[in-house]
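Here the structure comes first, spelled out in structure tokens, and everything after it is commentary.
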Amino acid sequence: MPVRIKKLIGSILIIAIAMLYALIATTIAAAKLADASGWVHLIYFLVTGLFWVVPAMFIITWMTKPGKTESGKT
């Protein structure tokens, strides 16, 4: 698969994952942390804000690998 197509697919996936993850994290926070203190909210959103990077890292790694047709080119 050409790198340009992989980058397009990866970019769309990263945007979709970030949006879905933000929606889920916010929904959980609203349901479970409604009466919690500000510090609990801060820690929760710091942790969940960084956690989505893990799947994005794998997608970016996949996006930057050369395709099978391009690996032999110099």
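No value in this document is a laboratory result; all are computed from the given coordinates. Quantities reported herein were computed from a predicted structural model and do not represent experimental measurements. Positions of Cβ are backbone-derived with ideal geometry, glycine not excepted, and every protein chain shown enters the neighbour counts.
Couple of notes before you dig in:
- Just one of the listed residues (29, 18, 34) is touching a His at 6+ places or on another chain (Cβ under 9 Å) and of a type outside the set (Phe, Trp, Tyr), namely 29.
- Among the residues of the stretch 2-57, the ones that are closer than 30 Å to residue 67 by Cβ, more than 13 Å from the chain's Cα centre (by Cα), of a type in the set (A, V, I, L, M, F, W, C) and exposed (fewer than 12 other Cβ atoms within 10 Å of the Cβ) come to 1 in all.
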